[in-house]
1. Considering only segment 48-56, I want to know if a residue exists there that is of a type in the set (S, T, N, Q), out of contact with any Cys (no Cβ under 7 Å at 6 or more places or on another chain) and assigned to a strand (DSSP E or B).
2. Test of understanding: among K46, K31, K26, which residue is surrounded by 12 or more Cβ atoms within 10 Å (Cβ to Cβ) and under 28 Å from I3 (Cα atoms)?
3. Can you find a residue in segment 7-21 that is at pLDDT below 80 and surrounded by 10 or more Cβ atoms within 10 Å (Cβ to Cβ)?
Amino acid sequence: MKILYIKRQTQYEKRYSIKMGQLITKVTSIKKYLFGLPVQTLRTNKETYYKEVKDKNNAMLFV
């Protein structure tokens, strides 16, 4: 068993907007593990409707 490793996991997430309705997007998270336990989330990316990949942490939620 490795002491420290990095793992990428992709899962589907349901999102809803008033104009477009329900949308299922792929959310990829990269996590750091220590002895098999998650320690830190390094990065989280989501795929948009137009197949662009954006960083989920730096998104503007309100204008």
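1. no
2. Just a single option satisfies the conditions, and that option is K31.
3. Checking segment 7-21: not a single residue is at pLDDT below 80 and surrounded by 10 or more Cβ atoms within 10 Å (Cβ to Cβ).
The values are calculated or read from the model by the stated rules, or taken from the named source; none is laboratory data. Since we're looking at a predicted model, the values are computed, not measured. In this analysis, Cβ positions are derived from the backbone assuming ideal geometry, glycine residues included, and neighbour counts consider all displayed protein chains.
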